[in-house]
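Participant: What follows is a single structure, and I will ask about it in a moment.
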Amino acid sequence: MPATTPAAVAARPAVRADAPAPGAPAPAGEDILVHGAQNNGSRVQRSGIAISRLTRDQLVRAGVTTVNDLQRLVPNLQVEPAMGGGQPQFHLRGIGFFDYGSNNMPDVMTYVDGVAYPFGIMTQGVMYDLSAVEVERGPTGATAGRNTSGGDIDIITAEPTHRWTAGVMQDIANYARSKTDLFVSGPLARNVTFRLSAETNHGGGYLHNRDTGEHIGSADRGAVRAKLNWDVDDTMNVSLNGHWAVDRSDATPGYIIKPFVTQAGKGVLIPVDTDHYATGWGISPQFASLIGVSPNQKPFRDNQTWGIDLSIRKDLPWARFTSVSAFEAMSRHEMNDWDATSSYEADNYFDTNLSVFSQEFRLASRRQGPLTWSAGLYYFKTDMQDRMVTDYMSTHMFINDTRYGQPDQSFSQFAQAVYRPITNFRLIFGLRHESEWKDLTNFYTQHHPGPQALTYDRHTGMDQVTGKVGFEYNVTRDILTYFNIRRGVKEGGFTAYNLTSPSQLAPIKPEWLVAYELGAKTEFFNHRVQVNGAAFKYDYHDQQVQSAIVDPVMGPIGKIVNAPRSSIWGVELEAQAEPVRGLHLSQTFGYERGEYNRFQIANLAATAALHVPGGLYTPVFTNMAGKDMGFPKLTLNGSAAYDIGLPGNYVLTPEVDYSYRSLQTAVLLGPLFNIKPYFLLNTSLTFRPKHGRWSVSGYVQNALDRTYDLTRNFFTTSDFGIVGPPRFYGARLSYTY
C-alpha cells in the first residue's frame, strides 16, 4: 500500500487541477497512453478513449480484492467466476465469452505494470499495493501490448519512494475474514530505490454443507512483490519487478436450482435449495486415488504464481526508447464440485502448468510539434501443459482424464501517429499487424477404467491487421470531443475439455470487430465537476460462443463455436463532483444492447426428440437472428462521501456507495439460468487526523444483505447457481510512518 492512508481521500481534489494553458499543446508524448504507465488522471482525461480510472483509495474503500470485484465500479463490465471456479469470464461492452477451460485467451486483457496476463486464471492474486487501475474500453493494440477485441484492465502497482516509509493496513470482518497489507519503501543509494510489499488474506467462508453444517469458501492467500528502480542517469531508468503468490483457498461449490436425483435417477432426491448458502460435496474413492487426494477432501485451490520483469527506459534526443521483458509462470491445482452434492456426478480437477515470455520494444517521439508518433514490436511465447479430470462414477461409471499441451507464439508490429493541423484539433492513425501460431499437441481423453484413447494434434493461427482512425477536438481547454473507428481481433483456440468426438477439436476461428465510438470529456466550475460520456456501436464477426454441436454417433456435445455476425451498441456516462468543499460525489451509468444477426445453433431438445435409438443423430437448428445476446443492459454505480471537520484537527468521513446490475438472460441455456437483477449497498465511517498518518474505518458491505447470484450453469445432471457474498461488517486500521 502506498504512503497515503485510506483516509487520505479527505484531501483529494474532485478532479484534475493541472490542465494546460488555453491553446497550449500537450507535452510531447502525452497523446500516447501505454499499459502500466503511472498516468495521472489529467493525462487520461486528455485522451480521446473511454477509460475508467480508479485510484488506490477508491479500490480500498470499495473492498476490491480480486479483478472480479471491478465490475462493481466500472460501467458495462461483467466478470463472472466460471462455474464458481478460479477462471474469471470477462465481458466489457458485451465483448467476451464463457469458457471454464484454462487455455483460451480472454477478450479483455489484464496487464500488471505493462505486462500482459494472457490467461484469465493468472489474474486472481494481483490486486494489492496498487497505485491505480485503468479500464480501457474497446479494441486496443496500436500503441502497446497485445491485440484485444474487448479492452484492457491495467493494474498499476505502487512505485518505490525516494524517502524511507513503511505502512500496515489490517482489515477484519465477520466470518473470520482478515486481510493484512504491509510495505516498506525507500532509497538504497542516491539513485536506487526499493519497495517490498506483501498481503495475506484468510477466512470469509460463508457457505455451509447442507448435510453436516461444515463451512466452506474461506480464503487462504498470500503474496509478495519487490520492485527496484535504478536511475542510471538523467536519461535512463531501469526497473526490476519480481513477485510470488500462493492461493490455498477453499473452492466455492454452488446451490441447487432444480430438483436433483443423485446417481442418475437411482439415488436420493435433493430438492431445490431454499437456502442459497447451502451446498454439498463428495468425490468417489477412484477419483480421489487418481488425482492424489483424500476421499474426504473438500473442494480446494492450490495455486502458485511467480514472475519477473525488467523495464528499461532511455531518453534519446528525438525519442523515448522502452523495453519490457517479462517471464510469468503459474501452477494451478483446483478441485471443484459442480453437482453441489455428495454424489459423484460432476467433480472436476484442474492440473495446469503454464509459462509466458514476452518482449516489447517501443519508441515514442519526444520533440514538440504538429506530429507525434509511437512505434513498437511485441513478441510472446507461451507453453501450457494442462490436465482436466472429471468424476462421472455415479452417472456413467467412469472417470474422464483429458491431457494436452498448447504452445503458442506471436509476433506483432504496431505504430500510431497524431497530427495537429491546428492547435485544438488532432488526427489519429494507428496500425497493427500480428502473426500468431498455436498448436494443440498430444491431446487425448482416457476413460478410467477403460482403454487409452487415440492421441490428436491440431493447429491454428492468424495473420491479421488491425488499427484505429479518429480525431480529437478541444472545444475549450476543459471540453474534449472525439470520434474513432477501431478494428480489433482476438485469436482463435480450441475447445480443450472432455473429448467425446474428434469433431470437438476443430479450431475456433479468430473473432474480429469494427468499433465506432463518439465521446466527450468535460470539466466545469474550476475542475470541481467532471462529466465524461461515450456512445458506441460494434459490428461483431465470428464471435466465439460457448454452445454445442451434434455428432452423428455421439449426439449433442459441448463446443465453443463462432457466431458469424452480431451487433452491439450502448452509451456510458461517468461523473465526479465536489459541489461544496468536502462533499465528494461520483456516478456511472452504462446501457448496452446486443443481438445476433446471423447465427444457427443446435437445438439439443429437438435433436434428442428426433433421434431413433440405435440410429444416427440428425441435428435440428434454431435460427438466432434477431435474438438478444443476453448480457445485462443496465449497470449503475455511485458513491457519496462527506468530510466533517471535528475539534482537535480531526476528520470524520461517512460514505455510501452502491452498484446495480440488471437482468442477465441465458439465451442459449434457458430461463432457469437467468441471473436476476441485484442492488448492492455499502457504507463506511472513517476517523483520522486531518494531516495524520493513521485512520480507523468501520464498514458494512452488502448492507441490505441481498441474496444474489454471480453465475448460473449446469454440468452433467446438476443445475446450480453460485451465490454472491452476504452482508460483511468489519473494521479497517491503517498506519503509515
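The values are calculated or read from the model by the stated rules, or taken from the named source; none is laboratory data. Quantities reported herein were computed from a predicted structural model and do not represent experimental measurements. As a convention, Cβ positions derive from the backbone with ideal geometry for all residues, glycine included, and neighbour counts pool all protein chains shown. Accessible surface areas use protein heavy atoms only, side chains included; no ligands, DNA or RNA. Shrake-Rupley method; radii C 1.70, N 1.55, O 1.52, S 1.80 Å.
Participant: Can you say whether G150 is open to solvent by less than 10 Å² (accessible area, probe 1.4 Å) and either small (G, A, S) or modelled with pLDDT under 95 (or both), as far as the supplied structure shows?
Facilitator: Taking the combined requirement at face value, the residue satisfies it.
Participant: Taking into account only those residues within segment 459-508 that are over 24 Å from the mean Cα position of the chain (by Cα) and among the acidic types (D, E), which is nearest to A563 (Cα to Cα)?
Facilitator: That would be D463.
Participant: Tell me whether segment 321-328 contains one or more residues that are touching a residue at least 40 places away in the same chain (Cβ under 8 Å), more than 28 Å from K179 (Cα to Cα) and within 23 Å of the chain's Cα centre (by Cα).
Facilitator: Of the residues in segment 321-328, the ones touching a residue at least 40 places away in the same chain (Cβ under 8 Å) are 321-322, 324, 326, 328.
So of that shortlist, the ones also more than 28 Å from K179 (Cα to Cα) come out as 321-322, 324, 326.
If we keep only those that are within 23 Å of the chain's Cα centre (by Cα) too, we end up with 324, 326.
Yes, the conditions are met somewhere in segment 321-328.
Participant: Please count how many residues of segment 129-156 are within 16 Å of Q416 (Cα to Cα), in a strand (DSSP E or B) and of a type in the set (K, R).
Facilitator: Number satisfying all stated conditions: 0.
Participant: Which condition number in (1) farther than 30 Å from K179 by Cβ; (2) among the hydrophobic types (A, V, I, L, M, F, W, C); (3) in contact with a Gly (Cβ under 7 Å, 6 or more places away or on another chain) is the one that A245 fails?
Facilitator: Going through (1) farther than 30 Å from K179 by Cβ; (2) among the hydrophobic types (A, V, I, L, M, F, W, C); (3) in contact with a Gly (Cβ under 7 Å, 6 or more places away or on another chain) one by one, A245 breaks only (1).
Participant: Now for a different question. Restricting attention to segment 70-89, which residues are over 19 Å from L207 (Cα atoms) and either part of a helix (DSSP H, G or I) or hydrophobic (A, V, I, L, M, F, W, C) (or both)?
Facilitator: Result: L70, Q71, R72, L73, V74, L77, V79.
Participant: Pull out all pairs, ordered by first then second residue, where Cβ-Cβ is under 6 Å, the residues are six or more apart or on different chains, the first lies in segment 183-200 and is under 11 Å from G167 (Cα atoms) and in contact (Cβ under 8 Å) with a residue 40 or more places away in the chain, and the second is among the hydroxyl-bearing types (S, T, Y) and open to solvent by 30 Å² or more (accessible area, probe 1.4 Å).
Facilitator: Within 6 Å, the pairs are S185/T161.
Participant: Continuing with this model, one more query. Which fully enclosed strands (runs of 3 or more DSSP E) of segment 476-575 have 3 or more residues being within 24 Å of N603 (Cα to Cα)?
Facilitator: Qualifying strands (runs of 3 or more DSSP E): 529-551.
Participant: Please determine, by comparing only the residues of segment 687-725 that are among the hydroxyl-bearing types (S, T, Y), in contact with a Gly (Cβ under 8 Å, 6 or more places away or on another chain) and part of a strand (DSSP E or B), which one is surrounded by the fewest Cβ atoms within 10 Å (Cβ to Cβ).
Facilitator: Y699
Participant: Quick one: what pairs do we get from segment 606-628, first residue touching a residue at least 60 places away in the same chain (Cβ under 8 Å) and more than 29 Å from I568 (Cα to Cα), second surrounded by 16 or more Cβ atoms within 10 Å (Cβ to Cβ) and acidic (D, E), C-beta under 9 Å, 6+ apart or different chains?
Facilitator: Y617/D551
Participant: Here's another thing I want to ask about it. Which residues, taken from segment 561-579, are crowded, with 21+ Cβ neighbours inside 10 Å, more than 17 Å from Q58 (Cβ to Cβ) and among the charged types (D, E, K, R)?
Facilitator: The one that is crowded, with 21+ Cβ neighbours inside 10 Å, more than 17 Å from Q58 (Cβ to Cβ) and among the charged types (D, E, K, R): E572.
Residues are listed down the side, and each one gets a yes or a no for (1) at pLDDT below 95; (2) under 26 Å from S47 (Cα atoms); (3) surrounded by fewer than 23 Cβ atoms within 10 Å (Cβ to Cβ):
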{"residue": "F98", "(1), (2), (3)": "yes, no, yes"}
{"residue": "D107", "(1), (2), (3)": "yes, yes, no"}
{"residue": "G125", "(1), (2), (3)": "yes, no, no"}
{"residue": "G141", "(1), (2), (3)": "yes, yes, no"}
{"residue": "R146", "(1), (2), (3)": "yes, yes, no"}
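Participant: Does A340 satisfy being open to solvent by less than 60 Å² (accessible area, probe 1.4 Å), assigned to a helix (DSSP H, G or I) and modelled with pLDDT under 95?
Facilitator: no
Participant: Answer yes if at least one residue in segment 289-299 is in a strand (DSSP E or B), farther than 20 Å from T717 by Cβ, open to solvent by 20 Å² or more (accessible area, probe 1.4 Å) and among the charged types (D, E, K, R), and no otherwise.
Facilitator: Within segment 289-299, none of the residues are in a strand (DSSP E or B), farther than 20 Å from T717 by Cβ, open to solvent by 20 Å² or more (accessible area, probe 1.4 Å) and among the charged types (D, E, K, R).
Participant: Right, here's the next one. Would you check which residues across segment 404-427 are of a type in the set (V, I, T) and open to solvent by less than 10 Å² (accessible area, probe 1.4 Å) and list them?
Facilitator: If the condition is that a residue be of a type in the set (V, I, T) and open to solvent by less than 10 Å² (accessible area, probe 1.4 Å), then V418 is the only one that fits.
Participant: Moving on. Is it fair to say T262 is over 30 Å from E134 (Cβ atoms), open to solvent by less than 40 Å² (accessible area, probe 1.4 Å) and among the hydroxyl-bearing types (S, T, Y)?
Facilitator: Yes.
Participant: Quickly run through segment 386-421 and pick out the residues that are more than 18 Å from G101 (Cα to Cα), part of a strand (DSSP E or B) and not hydroxyl-bearing (S, T, Y).
Facilitator: Passing the criteria: Q409, F411, Q413, F414, A415, Q416, A417, V418, R420, P421.
Participant: While we're on this one: Is it the case that some residue within segment 382-390 is among the basic types (K, R), crowded, with 20+ Cβ neighbours inside 10 Å and either over 22 Å from the mean Cα position of the chain (by Cα) or modelled with pLDDT of 95 or more (or both)?
Facilitator: No; the residues of segment 382-390 include none that is among the basic types (K, R), crowded, with 20+ Cβ neighbours inside 10 Å and either over 22 Å from the mean Cα position of the chain (by Cα) or modelled with pLDDT of 95 or more (or both).
Participant: Let me ask something additional. Across segment 35-59, which residue is farthest from A144 (Cα to Cα) among those that are open to solvent by less than 30 Å² (accessible area, probe 1.4 Å), at pLDDT below 85 and assigned to a loop (DSSP other than H, G, I, E, B)?
Facilitator: Filtering segment 35-59 for residues that are open to solvent by less than 30 Å² (accessible area, probe 1.4 Å), at pLDDT below 85 and assigned to a loop (DSSP other than H, G, I, E, B), the one farthest from A144 (Cα to Cα) comes out as N39.
Participant: Taking segment 218-245, which residues are open to solvent by 20 Å² or more (accessible area, probe 1.4 Å) and over 30 Å from K314 (Cβ atoms)?
Facilitator: S218, D220, R221
Participant: A further question follows. Is it true that V553 is within 21 Å of V475 (Cβ to Cβ) and surrounded by fewer than 18 Cβ atoms within 10 Å (Cβ to Cβ)?
Facilitator: Criteria not met by V553.
Participant: Mind listing whichever residues of segment 508-527 are open to solvent by less than 50 Å² (accessible area, probe 1.4 Å) and either modelled with pLDDT of 90 or more or within 23 Å of G405 (Cα to Cα) (or both)?
Facilitator: Within segment 508-527, I508, P510, E511, L513, V514, A515, E517, G519, A520, K521, T522, E523 meet the criteria.
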